[in-house]
Amino acid sequence: MRRLNLPAALLAALALGAVAACAPNPIVARDPIPAPGPQDAFVCDSRPMPLNTFRTNCDPVAPEPVLRAKG
């Protein structure tokens, strides 16, 4: 009798573990600010200043086309 209960208990534990592993309402993380597109390209120049600060100057640039060739 004991041999029959041990495999049944193991199967029940595996089944309950598999059910408990999935969340009923999965959480999907979404960034409220979308990532910039390829048309938004900038060139930035940073210069150090006193007291551990930096001065940054960013200028928009036209994106370069990317050429891809299949080998």
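The values are calculated or read from the model by the stated rules, or taken from the named source; none is laboratory data. Keep in mind the model is a prediction, meaning the values are calculated, not measured. As a convention, Cβ positions derive from the backbone with ideal geometry for all residues, glycine included, and neighbour counts pool all protein chains shown.
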Residue check: is CYS44 at pLDDT 85 or above and either surrounded by 10 or more Cβ atoms within 10 Å (Cβ to Cβ) or among the hydroxyl-bearing types (Ser, Thr, Tyr) (or both)?
no
Odd one out for CYS58, checked against (1) under 27 Å from the mean Cα position of the chain (by Cα); (2) surrounded by 10 or more Cβ atoms within 10 Å (Cβ to Cβ); (3) at pLDDT below 75:
(3)
